[in-house]
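Enquirer: One structure coming up, written as structure tokens, with questions to follow.
Derivation of every value follows stated rules applied to the coordinates shown; laboratory data play no part. Owing to the predicted nature of the structure, the values given are computational and were not obtained by experimental measurement. In this analysis, Cβ positions are derived from the backbone assuming ideal geometry, glycine residues included, and neighbour counts consider all displayed protein chains.
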Amino acid sequence: MNPEVFSVTNVIVAVTCLISYFAFSNSGLKSTMLFHPVTIKKQGQWYRFLSSGLIHADMMHLIINMFVLWSFGNAIERAYYPAFLGEFTTVKFMILYFGGIIVSSIPSYLRHQSDSNYAALGASGGVAAVVFAVILFAPWQNLYLYAILPIPQILAGIAYIVYSYIKDKRATDNIGHMAHLTGAIWGFVVTIIMNPSLLPRFLELTLEGPAW
């Protein structure tokens, strides 16, 4: 198989797209996979911490998450992790991504385990983990907002954290902002745990500023 085509990231994207697509028109499947804290607590359906990351609210939600995962995930899996984390990078990438999905749901579980009306879905926690792992390796590299406007990743990351924190405190929409924030922290911290020397490297690169 062509190594440029095969990667765990591409497999995850393909599987998530397939399951999400079927769940769009299958309410039973969607209900079974949703992150629903009350059901998890009462029935011990802990798998929902992970299965909820394989379904999405609508096509736009799915496209955005999977495009970002495809872009940043392949960078992590093929470049950054192999270069800085040595062996077993595929396993480490799966810990990064799937760990992000699971860990990012913990605050919502603790908050809503008695709220039968609360449910969540989507891979945003895992995607945020992957994005912030990339920021750790290349803080001043540009990402492109709307594929046009260049923004240094570290500045976009700071803005993302502040925005997620404020929106979570206000609780004015149905988006899991705390899950985004928790996933981002997980991606940054767990990658440092895998190689502690990355933290002083990150601080050094950040203080050096952009190479313009």
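Enquirer: Under a point-charge model restricted to the Cβ atoms of Lys and Arg (+1) and Asp and Glu (-1), what is the dipole moment magnitude of the range 8-208 relative to its Cα centre, in debye to the nearest 20? Don't jump to the answer; show the numbers that get you there.
Expert: Numbers: 11 positive and 8 negative charges, 98 e Å.
Around 460 debye, computed over the range 8-208.
Enquirer: Now, a different point. Enter the angle in degrees (range 0 to 90, nearest 10) between the Cα long axis of helix 89-104 and the first principal axis of the Cα atoms of the chain, meaning the one along which they spread out most.
Expert: 50
Enquirer: OK, next. Quickly work out the Trp46-to-Val189 label distance, labels modelled 7 Å from Cα along the C-beta direction, and quote it in nm with one decimal.
Expert: Rounded to a tenth, the inter-label distance reads 1.9 nm.
Enquirer: Given Cα pairs under 8 Å that are at least 6 residues apart, what percent is the relative contact order of the chain?
Expert: Working: 278 pairs, mean separation 48.6, N = 212.
Reported as a whole number, the value is 23 percent.
Enquirer: Now for a separate question. Rounded to the nearest 500, what is the chain's calculated 222 nm mean residue ellipticity when only DSSP H runs of at least 4 contribute -39500 (n - 2.57) each, over all residues?
Expert: It comes out at -20500 deg cm²/dmol, rounded to the nearest 500.
Enquirer: By how many degrees, between 0 and 90 and to the nearest 10, does the Cα long axis of helix 198-208 differ from the longest principal axis of the chain?
Expert: The helix 198-208 is inclined about 60 degrees to the chain.
Enquirer: Mean-square fluctuation check for the chain, GNM, Cα pairs under 10 Å: which of Phe67, Phe137, Phe88 is largest?
Expert: In the Gaussian network model the winner is Phe88.
Enquirer: What net charge do the residues around Lys42 carry, taking every other residue with its C-beta under 15 Å from that of Lys42, with Lys and Arg at +1 and Asp and Glu at -1?
Expert: Charge balance in the 15 Å sphere: +1.
Enquirer: Classify the range 63-109 from the C-alpha gyration tensor, please: rounded if a/c falls under 1.5, else prolate or oblate depending on whether a/b exceeds b/c.
Expert: Cα axes put the range 63-109 in the oblate bin.
Enquirer: Still on this structure: Given the Cα-Cα distance of Ala159 and Phe88 and 0.36 nm per residue of separation, how much length would full extension add, in nm?
Expert: Numbers: separation 71, 0.36 × 71 = 25.56 nm, distance 3.24 nm.
Taking 0.36 nm per residue and subtracting the Cα distance, the gain is 22.3 nm.
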